[in-house]
Amino acid sequence: MPNPVEYENFIGGEWVRSRSGKTFENRNPANTDEVIGIFQKSTPDDVNAAVAAAKEAFKKWRLVPAPKRAEIIYRIALRIARDKEQLSHDMTREMGKVLKETRGDVQEAIDMSFYMAGEGRRQFGHTTPSELPNKFMMSVRQPLGVCGMITPWNFPMAIPSWKIMPALVLGNTVVIKPATDTPLSVYNFVKIMVEEGLPPGVINMVTGSGKDVGDPLMKHKDVSVISFTGSTEVGRRVSEACASDFRHCHLEMGGKNCIIVMDDANVDLAVEGAVWGAFGTTGQRCTASSRLIVHKKVLKEFTEKLVARTKALKVGNGLDETVDMGPAVNESQMQTVLKYMDIGKNKDGAKLLCGGGRLTGGAYDKGYFTMPTIFGDVTPNMTIFREEIFGSVTSITECGSLEEAIELGNNTAYGLSSSIYTQDINKAFVAMRDLYTGIFYVNAPTIGAEVHLPFGGTKETGNGHREAGIAGLDVFSEWKSIYVEFSGKIQKAQIDD
Ligand code: UN1
């Protein structure tokens, strides 16, 4: 094997080593013999330098006309599109999901970049009549300053793009800490931004652990907003770190999403949706279809077809185009998934319908491969019904009516995504209204969000913000309401007639 490449941090327009002098390895989860690269094990000092650079760059970047900022973003989009294949291969090698899905991930970054380039000439505010004569009123968006971003490994380019592109087009500057499992995809993204002309200090990247990079970033007084995607546990810490000095935070956390399959559903379609929703990205999505709530009249047919379809899935290295599902992202994620398989079998007492363990033998021994797993007879008191697993496990729960299905669907601490399969428009609209989630699908699984609608969830999934869509602009800007007098005299609102 050739010596792996060492990748540096990007701070103030320069590629630099960490002040710690230490590095960490990034390995391929489908073949742990393969080192993807060596990355900087950064320290709070590196974070301070990156925030200082972003703070300095903000002074100028905020004054660049938004359409000019957007032109750079547009060029970045074109360049990602040009390099899509290479970027997708790098992503599959560093985090395992199959090529057709990493191509989708990169495509989502392209989509978001084009979409936000368009916002260079929008960012609309309001004008509205005043209650007083000869007075003008309007509202405009203003940038916040330095945006800290802590991003996950499951969508290594898409999710950074949801945060970076709106932040930049609005005139903010960025310090991003990529997940330790996927620094290469963010490195590739940052490199493109720089090569396409983003000025020094506008984007900064610091790699390393949550403790040494994430914590100082979220606590830094010069970071005006933290946008975080990850676990509910860490999200709570971000929220607390920002609360005492009222810095903004946007949190996108766990999910326990359900597909409801009604008795009038097209069962074959629902089975295809469940396979895609549950096992796409090896189930490592916050939107994964981890609960299947199925009407008793179609339960047998749905279950048999789903199990047969799932058993036929080919698990392996995502670079092989014939593979349907890649490995878990790392050893600890695999152990978590295996733990939940064990809980399902032994503590919850659910019925194991297929899968239920690690895949071993041959090439499997070099990676973190888990079986696509389905549990039946799952009830709401069980751990596997309640807790987010983030892996190749889904569960089937029986229901007898739409009302019961909705009640089961809402019976979770999370509120990201939900869906219904039905041919009955009335049932679809009732479910659409009554499932308390941020995203809802009809006759499609719980995954598949597009960049121009808001993404995020209710309850313990989020803190009321959304990314993507126009709502995504709100995280990275504040409203300024402006009143302009041209009466030449003092006029008193609410007092003068
Ligand atoms: C996630 O579930 O972690 O909606 C993100 C989707 C993708 C993004 C998913 N566009 O399936």
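Looking across the stretch 129-169, the residues that are assigned to a loop (DSSP other than H, G, I, E, B) and either of a type in the set (S, T, N, Q) or within 28 Å of residue 254 (Cβ to Cβ) (or both) come down to 130, 134, 144, 151, 152, 153, 154, 155, 156, 157. For residue 410, the conditions (1) in contact (Cβ under 8 Å) with a residue 60 or more places away in the chain; (2) farther than 21 Å from residue 94 by Cα are fulfilled apart from (1).
Against the list (1) part of a loop (DSSP other than H, G, I, E, B); (2) of a type in the set (Lys, Arg); (3) buried (at least 24 other Cβ atoms within 10 Å of the Cβ), the condition residue 221 fails is (3). Counting just the residues of the stretch 239-290 that are assigned to a helix (DSSP H, G or I) and of a type in the set (S, T, N, Q), which one comes out farthest from the ligand (Cβ to nearest atom)? If we take residues in the stretch 239-290 being assigned to a helix (DSSP H, G or I) and of a type in the set (S, T, N, Q), then 239 is farthest from the ligand (Cβ to nearest atom).
Residues in the stretch 350-400 that are among the polar types (S, T, N, Q) and either in contact (Cβ under 8 Å) with a residue 60 or more places away in the chain or farther than 26 Å from residue 430 by Cα (or both): 360, 370, 373, 383, 392, 394, 395, 397. Test residue 480 against the stated conditions and say whether it is closer than 30 Å to residue 66 by Cα, modelled with pLDDT of 95 or more and surrounded by fewer than 15 Cβ atoms within 10 Å (Cβ to Cβ). It is true that residue 480 is closer than 30 Å to residue 66 by Cα, modelled with pLDDT of 95 or more and surrounded by fewer than 15 Cβ atoms within 10 Å (Cβ to Cβ).
Here is a yes/no grid of residues against (1) surrounded by fewer than 24 Cβ atoms within 10 Å (Cβ to Cβ); (2) within 16 Å of the ligand (Cβ to nearest atom); (3) free of Cβ contacts under 8 Å to residues at least 12 places away in the same chain:
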residue: 117; (1), (2), (3): yes, no, no
residue: 125; (1), (2), (3): yes, no, no
residue: 129; (1), (2), (3): yes, no, yes
residue: 132; (1), (2), (3): yes, no, no
residue: 137; (1), (2), (3): yes, no, no
residue: 146; (1), (2), (3): no, no, no
residue: 149; (1), (2), (3): no, yes, no
residue: 164; (1), (2), (3): no, yes, no
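Scanning the stretch 431-451 for residues that are buried (at least 16 other Cβ atoms within 10 Å of the Cβ) and within 15 Å of the ligand (Cβ to nearest atom) returns 437, 438, 439, 440, 441, 444, 445, 446, 447, 448, 449, 451.
Among the residues making up the stretch 416-430, those that are touching a residue at least 60 places away in the same chain (Cβ under 8 Å), of a type outside the set (Lys, Arg) and more than 10 Å from the ligand (Cβ to nearest atom) are 418, 419, 420, 421, 422, 423, 424. Flag not set for residue 368, criterion: in a helix (DSSP H, G or I) and touching a Pro at 6+ places or on another chain (Cβ under 9 Å).
Just checking, which of 475, 484 is farther than 26 Å from residue 291 by Cα, within 21 Å of the chain's Cα centre (by Cα) and of a type in the set (A, V, I, L, M)?
475
Looking only at the stretch 295-305, decide whether some residue is within 28 Å of the chain's Cα centre (by Cα) and closer than 25 Å to residue 272 by Cβ. Checking the stretch 295-305: not a single residue is within 28 Å of the chain's Cα centre (by Cα) and closer than 25 Å to residue 272 by Cβ.
The values are calculated or read from the model by the stated rules, or taken from the named source; none is laboratory data. As the structure is a computational prediction, the values presented were derived from the model and not from experiment. As a convention, Cβ positions derive from the backbone with ideal geometry for all residues, glycine included, and neighbour counts pool all protein chains shown.
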